[in-house]
Amino acid sequence: MSERRPRLVVIGNGMAGIRTVEELLQLAPDLYDISVFGAEPYGNYNRIMLSLLLSGEKRADEIMLNTPEWYAAHGIALYPGDPVVAIDRARRRVRSRAGVELAYDRLLIATGSQPVVLPVPGNDLPGVVCFRGIDDVERMVAAAGTYRRAAVIGGGLLGIEAANGLSRRGMQVCLIHRSHVLLNQQLNADAARLLAGSLQARGLTLRLGAQTVSLYGRERVEGVALADGSRIDADLVVMAVGVHPDAALAKASGIHCERGIVVDDTLQTYDPLVYAVGECVQHRKATFGLVAPAWEQARVCAAHLARFGHRHYRAGENATRLKVTGIDLYSAGDFIGGAGTEDLVLRDPRRGIYKRLVLKENRLVGAVLYGDAKDGGWYFELIQNGTDIAPWRDRLLFGRGYCQASAAGGTGVAA
């Protein structure tokens with residue numbers, strides 16, 4: 001009689017949790033019986049591509065990463081549309097909303113994040129949506145087929161992508177942002193002005209430096225009221241003002257949480273049988289909202305679950321690319337700069353190109369690229385590796401081709 005394999009239960013069927021499972025299957029494919037509980041009634045899909053689903057450039061089946069057949073082929077029990085609602089750490093069991101109870105030997109929490117809903121009157125009116133999952137996109141597409149006017153609150157990545165997608169669906173869109181700078185977490189003011197001009201050229205209305213105080217309407221949302229007393233009529237309001245770690249389930253079970261589920265360098269919580277990855281975690285006071293750190297967390301966590309405990313997670317630099325067709329924008333590292341840094345700047349207004357590279361002691365520490373971002377990945381490598389750029393400092397703004405030609409002893413002009 002074969003010995004029972006330990007069971008790994010995964011709470012969350014999103015990108016971080018399933019990436020961890022994929023990494024684990026490569027390292028130790030037969031170590032665990034694996035069960036996955038997901039809140040959404042699908043396999044695992046690429047949440048990054050939701051903006052392209054909204055704009056109509058992708059179909060739902062094109063953004064799926066792991067179909068139900070994939071889980072079956074790997075012997076993974078999938079419970080879609082049935083989230084875990086309780087963790088009993090004393091008995092090492094979880095219970096789902098549908099009443100499924102499973103014992104675990106190791107537990108991986110990957111509950112992701114929840115969208116921030118502005119605490120303003122009217123935020124619960126029909127026609128007010130967030131932008132987090134396929135069901136949100138379906139509601140927005142349905143509204144675009146019936147109504148004409150939309151307001152998007154939040155000028156970050158998600159807000160801009162939502163506004164662009166609804167505009168492509170034929171809606172008149174007003175983008176409302178409390179800062180005077182779009183993408184103020186990713187861009188400096190120069191690049192943000194170019195971005196604003198591009199969005200306005202596409203027909204979007206911008207209200208920057210604007211504070212939302214309430215949403216109004218009777219049976220359905222009818223618009224947004226701003227602090228300056230003005231009103232923006234809208235039949236659909238999308239809130240894209242940020243996310244916060246979804247740590248409620250872990251906290252209710254007694255696992256130590258602060259802003260997120262607190263994990264160490266192995267992605268282990270204060271309970272040695274419980275790990276956590278992705279947007280639900282807090283590591284060394286930092287929380288996460290991008291894919292790159294989730295991928296690295298998955299790699300490290302999988303190694304420890306596989307009992308190859310030699311990897312440690314270190315938060316690194318992050319890069320951002322806007323997913324709006326026709327707008328080429330990329331930022332990475334410390335693109336604001338400060339004491340001890342210097343800037344290399346290229347402006348070509350006629351071609352709509354702006355580049356700003358931030359240097360410190362002959363090392364690239366940050367980059368903002370607008371209009372020509374093809375070298376973004378290379379600049380990011382230079383930032384991550386701390387490469388000495390002194391040999392081709394005078395060519396750095398012109399990209400990898402010129403610098404590599406210089407390093408090879410050429411003239412700087414590609415052959």
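The values are calculated or read from the model by the stated rules, or taken from the named source; none is laboratory data. Remember, predicted model here, so these are calculated numbers, not experimental data. In this analysis, Cβ positions are derived from the backbone assuming ideal geometry, glycine residues included, and neighbour counts consider all displayed protein chains. Side chains are part of the model used for accessible areas, which takes the heavy atoms of the whole protein and leaves out ligands, DNA and RNA. Shrake-Rupley method; radii C 1.70, N 1.55, O 1.52, S 1.80 Å.
General observations
- Residues of the stretch 46-87 classified as in a helix (DSSP H, G or I), open to solvent by less than 70 Å² (accessible area, probe 1.4 Å) and either among the aliphatic types (A, V, I, L, M) or modelled with pLDDT of 95 or more (or both), total: 10
- Whichever residue in the stretch 1-45 is modelled with pLDDT of 95 or more and of a type in the set (S, T, N, Q) and, among such residues, is surrounded by the fewest Cβ atoms within 10 Å (Cβ to Cβ): GLN26
- The set of residues in the stretch 211-269 being open to solvent by 60 Å² or more (accessible area, probe 1.4 Å), in a helix (DSSP H, G or I) and small (Gly, Ala, Ser) consists of ALA248, ALA252.
- Selection status of GLY340, surrounded by fewer than 16 Cβ atoms within 10 Å (Cβ to Cβ) and of a type outside the set (Ser, Thr, Tyr): yes
- Some residue of the stretch 326-333 being in contact with a Phe, Trp or Tyr (Cβ under 6 Å, 6 or more places away or on another chain) and closer than 17 Å to GLY376 by Cβ: yes
- Options PHE335, PHE308: the member that is under 30 Å from ALA162 (Cβ atoms) and assigned to a loop (DSSP other than H, G, I, E, B): PHE335
- Boolean, GLY309 is of a type in the set (Gly, Ala, Ser) and without any contact (Cβ under 8 Å) to a residue 24 or more places away in the chain: no
- Any pair with Cβ under 8 angstrom, 6 or more apart, that starts in the stretch 280-298 at a residue that is at pLDDT below 90 and ends at one that is in a helix (DSSP H, G or I) and buried (at least 18 other Cβ atoms within 10 Å of the Cβ): PHE288/GLY278; PHE288/GLU279; PHE288/ALA294; PHE288/GLN297; GLY289/GLU279; VAL291/MET15
- Within the option set GLY122, GLY112, GLY99, being under 21 Å from GLU22 (Cα atoms) and at pLDDT 95 or above holds for one residue only, GLY112.
- From the list LYS355, LYS323, the one residue that fits, being free of Cβ contacts under 8 Å to residues at least 60 places away in the same chain and among the charged types (D, E, K, R), is LYS355.
- For the stretch 267-312, filtering for residues that are in contact with a Lys or Arg (Cβ under 7 Å, 6 or more places away or on another chain), over 24 Å from VAL116 (Cα atoms) and among the hydrophobic types (A, V, I, L, M, F, W, C) leaves 5.
- Filtered residues of the stretch 94-130 (kept if within 23 Å of the chain's Cα centre (by Cα) and of a type outside the set (S, T, N, Q)): LEU108, ILE109, ALA110, GLY112, PRO115, VAL116, VAL117, LEU118, PRO119, VAL128, VAL129, CYS130
- Of the strands (runs of 3 or more DSSP E) that lie entirely inside the stretch 88-178, those containing 1 or more residues that are open to solvent by less than 40 Å² (accessible area, probe 1.4 Å) and of a type in the set (S, T, N, Q) span 93-96, 113-115.
- Failed item in (1) in contact (Cβ under 8 Å) with a residue 60 or more places away in the chain; (2) assigned to a helix (DSSP H, G or I), with GLY377 passing the rest: (1)
- Matching residues in the stretch 380-410 - criterion: being open to solvent by 60 Å² or more (accessible area, probe 1.4 Å) and part of a loop (DSSP other than H, G, I, E, B): ALA408, GLY409
- Long-range neighbours under 8 Å by Cβ, at least six apart or interchain, first residue over 12 Å from LEU344 (Cα atoms) within the stretch 381-400, second aromatic (Phe, Trp, Tyr): TRP392/TYR402; GLY399/TRP378; ARG400/TRP378
- Scope the stretch 179-210; condition part of a helix (DSSP H, G or I), in contact with a strand residue (DSSP E or B) (Cβ under 8 Å, 6 or more places away or on another chain), open to solvent by 30 Å² or more (accessible area, probe 1.4 Å) and at pLDDT below 90; matching residues: ASP190, LEU194
- Residues that are part of a loop (DSSP other than H, G, I, E, B) and under 26 Å from the mean Cα position of the chain (by Cα) do occur in the stretch 272-284, at least one of them.
- Among residues of the stretch 28-43 that are closer than 7 Å to PRO80 by Cα and outside any loop (DSSP other than H, G, I, E, B), those with a beta-carbon under 9 Å from a residue that is open to solvent by less than 50 Å² (accessible area, probe 1.4 Å) and aliphatic (A, V, I, L, M) at least six positions away or on a different chain give the pairs PHE37/VAL9; PHE37/VAL10; PHE37/ILE11; PHE37/LEU78; PHE37/VAL84; PHE37/VAL94; PHE37/VAL100; PHE37/LEU102.
- Qualifying residue in the stretch 356-367 (condition: surrounded by 13 or more Cβ atoms within 10 Å (Cβ to Cβ), within 20 Å of the chain's Cα centre (by Cα) and assigned to a strand (DSSP E or B)): yes
- Of all residues making up the stretch 293-310, the number that are open to solvent by less than 60 Å² (accessible area, probe 1.4 Å) and over 15 Å from ILE109 (Cα atoms): 5
- Selection of first residues in the stretch 216-231 that are in contact (Cβ under 8 Å) with a residue 60 or more places away in the chain and of second residues that are of a type in the set (S, T, N, Q), restricted to Cβ pairs under 7 Å at least 6 apart or on distinct chains, gives the following pairs, ordered by first then second residue: VAL224/THR212.
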